[in-house]
Every structure is written in structure tokens, then in C-alpha cells.
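The values are calculated or read from the model by the stated rules, or taken from the named source; none is laboratory data. Please read these numbers as outputs of a predicted model, since none were measured by experiment. All Cβ positions, even for glycine, are placed from backbone atoms using ideal geometry, and neighbour counts span all protein chains on display. These accessible areas exclude ligands, DNA and RNA; they are computed on the full protein's heavy atoms, side chains included. Shrake-Rupley method; radii C 1.70, N 1.55, O 1.52, S 1.80 Å.
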Amino acid sequence: METVGGLLREWRHSRRLSQLDLALAADVSPRYVSLVETGRSRPSAGMVLRLAAHLEVPLRHRNRLLVAAGFAPRYGERPLDGPDMSAVRDALVQVLRAHEPYPALVVDRRWNIVMANAPVEHFLEDVDPGLLVAPVNMVRLGLHPRGLASRIVNLTEVRSFFRARLSRQVARTGDPVVGALYDEFFAGHEPDGPVPPPESEVAIPMVFRFRGDELRLFSTITTFGTPQDITLEEISIESYYPADADSAALLRSTADTGRPRPAHRLPRSPAEPDGPGRDEVRDA
């Protein structure tokens, strides 16, 4: 049976903090931290959350800490397609549409694409249909040989980026599904080799072979500030911007050519109508 002290100790070790480090950050004594970890002192719900906050424990696992300490969970997890999340969905749609003609998508904690704007679909041409079966995973779509990997010019750089990002995520969350995703593409594989110096001092671009041209993009990540809901904490918006004027012009001209064939679209949500209408943003 797991204990709150044992869980806190695991998180403290994963953050590479000593009991003194945590005590100073949380404004308690090192002896108190030791008593909590060994089960000789039972922390209040407020203290559990205080320690968890300084350990940067994800909300999902803060609930687990509270339950282990004998308290009710504090954070809810409402489905993104639920009626009480309509304002969040509307906000996401506005962000994705406003980013056009540049691609942007929303991913969950396991890198599954839950929403995408229209420009994303232009990148799905020649992708193996098996990779577009819901849930569509962004990492698998990008790194699989039958996905986008064969069209990424600087694949070594991109793989190194994802290797580091997934490694940090596994260390931060301990999510076994993300761990399995990391193992699928990186565990047991040879190192990606020396990473060439970046073309830009601002950000590492991703260079795609795109309809006979080279398209250079860099990305940003947007998350909800101070979320109090597990779903909101675990989704992020991945937005892609042109790294040069030629790439910007190519994306604008691609948007002017119209939408790709429906066969290349991301899977639709079961709740999404199949009839005509505005469908620039897709639910996966």
C-alpha cells in the first residue's frame, strides 16, 4: 500500500532534491520532511499540496498524494468534449484559426492530437493511413518512416529535440505510456549522432520537403496558466511559424490552393457532423 511519505520521497528523488532543499523551499524544517517521509507525521491536506507544489508534481499525481494521505482528491478531470468545457474548446478553436495559414495543433499529455487547424492537413499527403487512425500520435506521425520522417531534411536535429523532450517528460511525470513512446523510437537505438549547428541563433528550424520545395518552420508551445483542472494542465498548443520569408510565402500560397482531399484529413470526432460547414479546425 502506497503512503504519502513514500510518494513524496519518490518525487523528491526524481527532482534531485535533498530533504534540506525541500524544507527550505516549503519553509518547514528538514526534520519535518523526514518525519512525513517516514510516516511518523501525518501532513494536513494543505501541507501535502504545499510540498507537492514545490516538487512541481502534476495535478494528476497531487490527487494521488492526497488520497494516500487520507484526503479527497482536489482536482477534477473533465473531458475536453464535455458540455462544461465548451468555453475552453471555443478558445482553442479561436487560437488555431487565428494561426492560419500556418499549422497548429492541440496535443494531450501523451502526444495524441486532439485538435488541428486546416494547414496541418496539407502535411498529411503520402502519410501511411495507418498512422492517421485515432488517436493520432504527434511523435509517431513525425518520426515514423511512413509518416513525416522521410520528408524531414534535418531529421537528426528533430530526433534529438524529441529525444530530449520526451526524456524530460518521463522524468517529470513518470507516465508509462510516454515512456513506451520514448522506448519505441529511442531505447536501444544508436545515438542520433552529432547535431549540426543550428541555422538560426533564435530557434532550431524543422526543414521539410514540401511539394517540391523546402519549408523551414520553428515551433512554440502554449499551455494554460495556473490550471486547476487535470485536462487543462495536460494539453498544449503546438504552433508552427515560418522561419524565413520564402517559407511564409509557400504556406500562404498552399492555403490559397484549397483544402487537401478528405482522405488525408485527421480522424473526426464522433460528435462532429459530416455535412458541409466551416471545418477549418478538426477534432482528432
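So that you can scan it fast, the table gives a plain yes or no per residue for (1) out of contact with any Ser or Thr (no Cβ under 6 Å at 6 or more places or on another chain); (2) part of a helix (DSSP H, G or I); (3) aromatic (Phe, Trp, Tyr):
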site	(1), (2), (3)
Val93	yes, yes, no
Leu96	yes, yes, no
Pro101	yes, no, no
Phe123	yes, yes, yes
Val127	yes, no, no
Glu157	yes, yes, no
Arg163	yes, yes, no
Leu166	yes, yes, no
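Can you report the number of residues in region 215-243 which are touching a Ser or Thr at 6+ places or on another chain (Cβ under 9 Å) and within 17 Å of Pro119 (Cβ to Cβ)?
Going through region 215-243 one residue at a time, the tally reaches 13.
What residue, of Leu124, Leu141, is in contact with a helix residue (DSSP H, G or I) (Cβ under 6 Å, 6 or more places away or on another chain) and modelled with pLDDT of 95 or more?
Leu141
Where in region 200-246 are there strands (runs of 3 or more DSSP E), lying fully within it, with 3 or more residues that are loosely packed, with under 15 Cβ neighbours inside 10 Å?
Correct list: 213-222.
I'd like the residue in region 168-199 that is in a loop (DSSP other than H, G, I, E, B) and of a type in the set (D, E, K, R) and, out of all such residues, is modelled with the highest pLDDT.
Once the filter is applied, the top-ranked residue is Asp175.
Would you point out the residue of region 87-104, among those that are of a type in the set (Gly, Ala, Ser) and at pLDDT 95 or above, that is surrounded by the fewest Cβ atoms within 10 Å (Cβ to Cβ)?
Among those residues, the one meeting the criterion is Ala98.
For (1) open to solvent by 50 Å² or more (accessible area, probe 1.4 Å); (2) assigned to a loop (DSSP other than H, G, I, E, B); (3) at pLDDT 95 or above; (4) of a type in the set (D, E, K, R), each residue gets a yes or a no:
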residue: Ser34; (1), (2), (3), (4): no, no, yes, no
residue: Arg40; (1), (2), (3), (4): yes, yes, yes, yes
residue: Met47; (1), (2), (3), (4): no, no, yes, no
residue: Leu51; (1), (2), (3), (4): no, no, yes, no
residue: Leu65; (1), (2), (3), (4): no, no, yes, no
residue: Phe71; (1), (2), (3), (4): yes, yes, yes, no
residue: Met85; (1), (2), (3), (4): no, no, no, no
residue: Val106; (1), (2), (3), (4): no, no, yes, no
residue: Pro119; (1), (2), (3), (4): no, no, no, no
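Taking region 144-155, which residues are in contact with a helix residue (DSSP H, G or I) (Cβ under 8 Å, 6 or more places away or on another chain) and outside any loop (DSSP other than H, G, I, E, B)?
Of everything in region 144-155, those that are in contact with a helix residue (DSSP H, G or I) (Cβ under 8 Å, 6 or more places away or on another chain) and outside any loop (DSSP other than H, G, I, E, B) turn out to be Ala149, Ile152, Leu155.
Please determine, by comparing only the residues of region 121-139 that are surrounded by fewer than 18 Cβ atoms within 10 Å (Cβ to Cβ), in contact (Cβ under 8 Å) with a residue 40 or more places away in the chain and not hydrophobic (A, V, I, L, M, F, W, C), which one is nearest to Leu92 (Cα to Cα).
So, considering only residues that are surrounded by fewer than 18 Cβ atoms within 10 Å (Cβ to Cβ), in contact (Cβ under 8 Å) with a residue 40 or more places away in the chain and not hydrophobic (A, V, I, L, M, F, W, C), the one nearest to Leu92 (Cα to Cα) is Pro135.
Hey, could you check region 53-63 for residues that are surrounded by 15 or more Cβ atoms within 10 Å (Cβ to Cβ) and among the hydrophobic types (A, V, I, L, M, F, W, C) and say which is nearest to Val170 (Cα to Cα)?
Top of the filtered list is Val57.
Which of the residues belonging to region 7-25 are loosely packed, with under 14 Cβ neighbours inside 10 Å and within 23 Å of Val170 (Cβ to Cβ)?
His13, Arg16, Ser18
Identify, by number, the condition in (1) surrounded by fewer than 15 Cβ atoms within 10 Å (Cβ to Cβ); (2) of a type in the set (D, E, K, R); (3) over 30 Å from Ser167 (Cβ atoms); (4) at pLDDT below 60 that Asp279 doesn't meet.
(1)
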